[in-house]
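Notes to accompany the following structure.
The values are calculated or read from the model by the stated rules, or taken from the named source; none is laboratory data. Keep in mind that this is a model prediction, so the values were computed, not measured. Cβ: placed from backbone, ideal geometry, glycine included. Neighbour counts: every protein chain shown.
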Amino acid sequence: MANTQGKCNRLVILSSLAFLFGCSSFNRQWKDAASATGPGDITGKWQGHWRSDKDDHTGNLKCVITKVDGDRYCAHFVATYWKIFTFAYDAELSGKAEGTAIELVGDQDLGSLAGGVYHYEGSASSTDFNCTYKSKYDFGKFIMSRPKEGN
């Protein structure tokens, strides 16, 4: 029993450190992110919330989008859960211009503890980023906009 307890304690400590370092890295990205340069530019900072359509859980959400190349973007997310837990992760999204917005789609495996593979679909303009997410255990929405200056 003691061996099992020790393994569990190590898992909790390692998970906490992974969250801490993930958020620390995100904070640097957030601080260094440039503002959008004009219409159709979806790169930079976003903030808002996520909401589960399955069970109505919700939390704060921040994102920094960077362009990888061509039509590929990397969305760097930090989400809060139950108001006290945070989780940082990246998702690669493919984008296609539709008028003044970019239609985005992508899949990302967040690991079994976080719900496995998530599928994302949504759109972003220079001012709004709205997306749905779906996994084996949950589905819902991200609703974000550009943060006010100084945030």
Over the range 68-93, the set of residues more than 23 Å from Leu113 (Cα to Cα), out of contact with any Asp or Glu (no Cβ under 9 Å at 6 or more places or on another chain) and in contact (Cβ under 8 Å) with a residue 24 or more places away in the chain is Asp71
Would a scan of the range 95-107 turn up a residue that is touching a residue at least 40 places away in the same chain (Cβ under 8 Å) and either on the phi > 0 side of the Ramachandran plot or within 11 Å of the chain's Cα centre (by Cα) (or both)?
no
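This table checks each residue for (1) touching a His at 6+ places or on another chain (Cβ under 9 Å); (2) over 20 Å from Ser145 (Cβ atoms); (3) loosely packed, with under 14 Cβ neighbours inside 10 Å.
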{"residue": "Gly40", "(1), (2), (3)": "no, no, no"}
{"residue": "Gly48", "(1), (2), (3)": "no, no, no"}
{"residue": "His57", "(1), (2), (3)": "no, yes, yes"}
{"residue": "Ile65", "(1), (2), (3)": "yes, no, no"}
{"residue": "Val68", "(1), (2), (3)": "no, yes, yes"}
{"residue": "Arg72", "(1), (2), (3)": "no, yes, yes"}
{"residue": "His76", "(1), (2), (3)": "no, no, no"}
request  = Might you check whether a residue that is modelled with pLDDT under 95, more than 26 Å from Arg28 (Cβ to Cβ), outside any strand (DSSP E or B) and in contact with a Leu (Cβ under 9 Å, 6 or more places away or on another chain) occurs anywhere in the range 106-118?
outcome  = yes
message: Criterion first (modelled with pLDDT of 80 or more and not in a loop (DSSP other than H, G, I, E, B)) does Ala88 satisfy it?
response: yes
Per the filter on the range 95-119, residues farther than 13 Å from Tyr73 by Cα, surrounded by fewer than 18 Cβ atoms within 10 Å (Cβ to Cβ) and not hydrophobic (A, V, I, L, M, F, W, C) are Glu98, Gly99, Thr100, Asp109, Gly111, Ser112, Gly115, Gly116, His119
Next item on the list: Report whether or not Gly122 is of a type in the set (Gly, Ala, Ser), without any contact (Cβ under 8 Å) to a residue 24 or more places away in the chain and buried (at least 17 other Cβ atoms within 10 Å of the Cβ).
Entry: yes
